[in-house]
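Data first, discussion second: the structure below is written as structure tokens.
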Number of protein chains: 2
Amino acid sequence: MKDDEKTTIRQEETDGGSPFGFTRREFFNATATSAVVGAGLAAGGWSLGGGTAQAAEGNQDFHVGPGELDEYYGFWSGGQSGEVRVMGVPSMRELMRIPVFNWDGATGWGITNESRKILREGLTPAGKRRADKQGGVLRNGDTHHPHLSMTDGSYDGRYLFINDKANSRVARIRLDVMKTDKIVQIPNAQAVHGMRPQKAPKTGYLFCNCEFMIPQPNDGRDMESPEKYKTVFAGVDAETMEVKWQVLVDGNLDNTNADFKGTYAFSTCYNSENAVELNGMMRKDRDHVVVFNIPRIEEAVKKGQYKTIGDSDVPVVDGTKGSDLTMYIPVPKGPHGINTTPDGKYFIANGKLSPTVTVVEIDKLDDYFKGGMKDPRDAVVAEPEVGLGPLHTTFDGRGNGYTTLFIDSQVAKWNIEDAIAAFQGGDTNPIKQKLDVHYQPGHNNATLAETKDADGKWLMVLSKFSKDRFLNVGPLKPENDQLIDISDGDMRIVHDGPTFAEPHDAVIARADQINPNKIWDREDPWFDDVKAMAKKDGIDDLRMTNKVIRDGNKVRVYMTSSAPQYHINEFKVKEGDEVTVVLTNVDNIEDLTHGFTLTNFDVCMEISPQQTASVTFVADEPGVHWYYCQWFCHAMHMEMRGRMLVEKA
Amino acid sequence: MKDDEKTTIRQEETDGGSPFGFTRREFFNATATSAVVGAGLAAGGWSLGGGTAQAAEGNQDFHVGPGELDEYYGFWSGGQSGEVRVMGVPSMRELMRIPVFNWDGATGWGITNESRKILREGLTPAGKRRADKQGGVLRNGDTHHPHLSMTDGSYDGRYLFINDKANSRVARIRLDVMKTDKIVQIPNAQAVHGMRPQKAPKTGYLFCNCEFMIPQPNDGRDMESPEKYKTVFAGVDAETMEVKWQVLVDGNLDNTNADFKGTYAFSTCYNSENAVELNGMMRKDRDHVVVFNIPRIEEAVKKGQYKTIGDSDVPVVDGTKGSDLTMYIPVPKGPHGINTTPDGKYFIANGKLSPTVTVVEIDKLDDYFKGGMKDPRDAVVAEPEVGLGPLHTTFDGRGNGYTTLFIDSQVAKWNIEDAIAAFQGGDTNPIKQKLDVHYQPGHNNATLAETKDADGKWLMVLSKFSKDRFLNVGPLKPENDQLIDISDGDMRIVHDGPTFAEPHDAVIARADQINPNKIWDREDPWFDDVKAMAKKDGIDDLRMTNKVIRDGNKVRVYMTSSAPQYHINEFKVKEGDEVTVVLTNVDNIEDLTHGFTLTNFDVCMEISPQQTASVTFVADEPGVHWYYCQWFCHAMHMEMRGRMLVEKA
């Protein structure tokens, strides 16, 4: 952006309208034009050919009739809701919501002892201080990028990982029970934005981009010296969910990805200027992609070539420019998404403020790290112009990329080898088709496209704006997930799907790749803590026990349930007692979930078949307090209840 | 239930399986059989005729293509999620989620000052004490029955009301902005279950059933004397959302409804035994419906014929048996749903534990209250046997009722006038069709069926179990909302819709009946509090102001935003300052929502076009803290951010 007047930040007063004096759409277009000019690129000279297809009915059948099953599981970020949504594809039906960073009364997430431990134990010291101010756990998070664990580049059905930009965390969901089981907050970081699991040989690491640059440590020093701010790239052990190491880098990190060999991760960087306001972030013509050499980082850590920062004991190695742990590849201004092709040959950095995508050949990275390549740009094998505002690219496994164009509100389908040929001077037009989407698309993903098994059936485009596509629901509108048939030559939109709270990203796996349990297994480690507590109280089998144990002013109520009854329907405590209710659902019939709600006590939880759940509260209001089953379980469900009698102190 | 052995509650130990020694489905059937025998009814002798139709494609087109709009708004309870879901019908797409009793990071519900006031101010003293223990507001609620405001028996598009069983509250949602604007907690109550707005002349009252019987007051007295427990029926002023009066009644209240004249409300009662455990609740053969004479209740309150209970100043009148304010109509054991026919002539109490529904002629209620009717059963004009486990009935406006059969997993379509004729001794079979649904249906509702405008197009059945109807998602399964075409003679299932957290109920209005604003109106009373605060700080127009004001250790940051910028991108405070950020989105373009997230501070909120939102927190961690826009607003959205600098104390 050359025109500073256009991007002046007015800190005092505004006229109440756009600071630019024209409408948002005009501004989008103006921005794009400026970016194109500003970036000074004219990588392609092709028309944006292929024609714009109108939305139409597809060739594949996307209608999944009553009682029919979907062919794919989709895992959607819940965006600012802080949860993960499990979808059926192609029906686009929401099959389940999994609480992650949010509080959820339906399952008792944030309320049960089991969930509170998961929400709390991985927090940094500052995170724990924050949580203490609101009852022990944080209350919100911003689920961003869901990604599945892999073995040898294929989904292995074990875990889903997702990051929280708002409070700098990463969570793991066990796919066998579809519950979050670990959360870690990344130290020395603000805003964990990009996150990807290692693809091969298995998901040993999660690679995490920490976006905002801050003083290191961020304890009040260097606040006025932005030039000293730094951010980090972090490696999290996917099995233990501990941060193994961090790498200091130059510039803001945006999105990240990994190769299919286990050697490299790569991150887009915007704001290579290290600026703290918008016009400063636009000063240069180019930003970069940082390539991380994982074996070298591990080696540096092993050799003790690291420091620690503040109250964190995570080893931090130096990967700023000039380090032999990293490679900085200059790319057009403001790259955003970064995507690895299913054949493992290339990664593609999406231009955002440039109309181009940059194709890098992964095998060439070895040359750089071995010293054979001097100019990192030599790893670039194509840089096609795909349209305005390219954000993310996905793949069909047939050699084509599908790039979302935020400003054009389109998806561009382009051929990778054709783009490479054109970059080498050929006259091939790599653009195969452009399709209008509605509107301002962000992430997209095709079926299995993040793995070597990309099958080119369905493309999901997550559009940020829906405007007039649905019945009006007030000032806050839904986003719009559009399902696109890519099974043959032409892309065709077959479904508009409104969504809440801006899902940032989604991944899609084949149904046979995900195999959840039907009911809980009593040997599940989920129950280890509560079993240990019970053992101290002399209880061997929670399924066989209905007992109230007093321990000073602590009362533990071990209770079972089977439809339509709790097997303790009355217990008595004293005002001020700390009460722990441990409830085991002994029904072993699929879908026969019970609940436990203590009326007017803000206490509730789910207990699915063969599950044990526990909750602790202070019985601080004298009187009769009914508890009841809130998951409809039986014709006499309304009658499934009991009383806690609290004697006045 | 005659066989006490079968329903013995084991308080000590169980064998880890069903206490009845047989499977759930066998138990459902056994329960039903017992209930049929136990209730001693043989109201009909017809076969359960009409044949069971297989699920099939419907006659009406339920496919809403990309870019097409739905014909109806659906308002769904979010069940234990504590929110309301706005759906498009017949596409069954979720258009929006409205936080009500839950916390929601996407909109900042439970986090912003505006939402925290709404969540807190209507709580009872005990509710406020509870809320104080978890940061000032309750953390969960259990949205049950959504119902729309009416004028003269038609939807007027002003409000949606919904109740919270878990914490005994009722909330109001403004349909112009689709935000919750009032919440009241009902005193002297545990578990507000049934809730309905008055239908005519307008929604002046919300009628609320408080389900569980408790000592009055519930302060530790009478705990061991269940015979003294009572519950109340409450009238809430729909405009002020204050509880105007309560009525003490006999038995547990379940569901409620109102006539189309403004004279009567009626509630089903189960557990007329006043028992506190399951077998006691099954002792009698019959329970009852309580009819409330609203003008007489108002008159009694006016005359001072009431008491108050505990710390509540709500007038409580006596409506127990023998009162002239109420009428107790005996009905078969355990009635559940209660539904008024669209022509206003009848209400129908659904048998649950009896295979019958009881049809009461509303005009006959006048006879009783005038003294002309001695036996309240004389108001019953039909009691057809519809199948096992009737829970709720809805209507097509063509004289037919559609009753969900929980145990049979069916919907029974039956003709009301045919049932009346049969009750009078005729040989007509009122049952027209039975349709299998999947599985265990609870609430159902047809388009506009709660109003005089019932149009008989679509029937929604909310099934409690989905079992094998969808891809498995672990031990917790979705529920299943099934869309049924009722536009012609035969019901046909056209869509299976999985849902999270057991939506209890849903209502459906025509699209033209709901007219939300496209963006916020600056004169909206939503902003009154924040405008008053700003005025004291000398600020006339929040849209024109970017200013930081210090007031002792309190700092108020008045800020505007327009894509892609906050117009204050740096402010400095001291460690320990209490900071209030007031943010006004000056963009006036539809769908251009901004957000404000303060990284690692667990603070986030939505600011839709022309909205102001505010949040208060303590700046208790020194250092640089980035705030950023979390609702994707622009190609340079990632760059939309600023810094709070917290100086070490």
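Observations on the model:
- Of the residues making up segment B:593-610, those that are closer than 16 Å to A:Ser466 by Cβ and buried (at least 24 other Cβ atoms within 10 Å of the Cβ) number 3.
- For B:Leu119: the one exception among (1) under 21 Å from A:Trp103 (Cβ atoms); (2) open to solvent by 20 Å² or more (accessible area, probe 1.4 Å): (2)
- Considering each residue of segment A:265-282 in turn, at least one proves to be crowded, with 22+ Cβ neighbours inside 10 Å, within 18 Å of the chain's Cα centre (by Cα) and not small (Gly, Ala, Ser).
- Set B:Asp455, B:Asp524, B:Asp468: member being touching an Asp or Glu at 6+ places or on another chain (Cβ under 9 Å), open to solvent by less than 30 Å² (accessible area, probe 1.4 Å) and of a type in the set (Asp, Glu): B:Asp524
Results for (1) outside any strand (DSSP E or B); (2) among the hydroxyl-bearing types (Ser, Thr, Tyr); (3) within 11 Å of another protein chain (Cβ to nearest Cβ), shown as yes or no for each residue.
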residue	(1), (2), (3)
B:Arg97	no, no, yes
B:Asn102	yes, no, yes
B:Gln134	yes, no, yes
B:Leu148	no, no, no
B:Tyr159	no, yes, no
B:Asn163	no, no, no
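- Failed criterion for A:Gly426 (all others in (1) touching a strand residue (DSSP E or B) at 6+ places or on another chain (Cβ under 9 Å); (2) under 30 Å from A:Asp378 (Cβ atoms) hold): (1)
- Scanning segment A:281-290 finds no residues that are part of a strand (DSSP E or B), aliphatic (A, V, I, L, M) and within 20 Å of A:Asp237 (Cα to Cα).
- Per the conditions (1) crowded, with 22+ Cβ neighbours inside 10 Å; (2) more than 8 Å from every other protein chain (Cβ to nearest Cβ); (3) of a type in the set (Ser, Thr, Tyr), the sole criterion not satisfied by A:Ser154 is (1).
- Qualifying residue in segment A:571-592 (condition: open to solvent by 10 Å² or more (accessible area, probe 1.4 Å), on the phi > 0 side of the Ramachandran plot, at the interface with chain B (Cβ under 7 Å from one of its Cβ atoms) and more than 34 Å from the chain's Cα centre (by Cα)): no
- Any hit, segment A:600-613, residues being modelled with pLDDT of 95 or more, under 32 Å from the mean Cα position of the chain (by Cα) and of a type in the set (Phe, Trp, Tyr): no
- For segment A:495-511, a residue qualifies if it is within 7 Å of another protein chain (Cβ to nearest Cβ) and not charged (D, E, K, R), and the qualifying residues are A:His495, A:Gly497, A:Pro498, A:Phe500, A:Ala501, A:Ala511.
- Only strands (runs of 3 or more DSSP E) whose full extent lies in segment A:595-649 are considered here, and the ones with at least 2 residues that are touching a residue at least 60 places away in the same chain (Cβ under 8 Å) and at the interface with chain B (Cβ under 7 Å from one of its Cβ atoms) are A:603-607, A:641-647.
- Of the residues making up segment B:106-132, those that are facing chain A (nearest Cβ under 10 Å), of a type outside the set (A, V, I, L, M) and in a loop (DSSP other than H, G, I, E, B) are B:Thr107, B:Gly108, B:Gly110, B:Thr124.
- Total residues in segment A:81-95, condition within 9 Å of chain B (Cβ to nearest Cβ) and assigned to a strand (DSSP E or B): 6
- Against the criterion of being within 18 Å of the chain's Cα centre (by Cα), crowded, with 24+ Cβ neighbours inside 10 Å and among the hydroxyl-bearing types (Ser, Thr, Tyr), B:Ser81 qualifies.
- A:Thr124 over 30 Å from A:Asp436 (Cα atoms), open to solvent by 20 Å² or more (accessible area, probe 1.4 Å), modelled with pLDDT of 95 or more and of a type in the set (Ser, Thr, Tyr): yes
- Odd one out for B:Asp496, checked against (1) charged (D, E, K, R); (2) part of a loop (DSSP other than H, G, I, E, B); (3) touching a Gly at 6+ places or on another chain (Cβ under 8 Å): (2)
- Given (1) touching a helix residue (DSSP H, G or I) at 6+ places or on another chain (Cβ under 6 Å); (2) buried (at least 21 other Cβ atoms within 10 Å of the Cβ), index of the condition A:Asp222 fails: (2)
- Residue that is charged (D, E, K, R) and within 14 Å of chain B (Cβ to nearest Cβ), where the choices are A:Asp378, A:Asp367, A:Asp418, A:Asp408: A:Asp408
- Among the residues of segment A:176-203, those that are open to solvent by 10 Å² or more (accessible area, probe 1.4 Å) and either within 13 Å of A:Asp259 (Cα to Cα) or modelled with pLDDT under 95 (or both) comprise A:Arg196, A:Gln198, A:Pro201, A:Lys202.
- Every residue from segment B:479-490 that is outside any strand (DSSP E or B) and crowded, with 24+ Cβ neighbours inside 10 Å: B:Ile486
- Every residue from segment A:226-243 that is in contact (Cβ under 8 Å) with a residue 40 or more places away in the chain and assigned to a strand (DSSP E or B): A:Lys230, A:Thr231, A:Val232, A:Phe233, A:Ala234, A:Gly235, A:Val236, A:Val243
- No other residue among B:Ile539, B:Ile568, B:Ile519 is in contact with a Gly (Cβ under 7 Å, 6 or more places away or on another chain), hydrophobic (A, V, I, L, M, F, W, C) and either in a loop (DSSP other than H, G, I, E, B) or crowded, with 18+ Cβ neighbours inside 10 Å (or both) apart from B:Ile568.
- Which listed residue is in contact with a Phe, Trp or Tyr (Cβ under 6 Å, 6 or more places away or on another chain) and either aliphatic (A, V, I, L, M) or within 14 Å of chain B (Cβ to nearest Cβ) (or both), from A:Val289, A:Val276: A:Val289
The values are calculated or read from the model by the stated rules, or taken from the named source; none is laboratory data. Because the structure is predicted, anything quoted here is derived from the model rather than measured. Cβ coordinates were reconstructed from backbone atoms using ideal geometry, including for glycine residues, and neighbour counts include every protein chain displayed. Heavy atoms of the whole protein, side chains included, go into the accessibility calculation; ligands, DNA and RNA do not. Shrake-Rupley method; radii C 1.70, N 1.55, O 1.52, S 1.80 Å.
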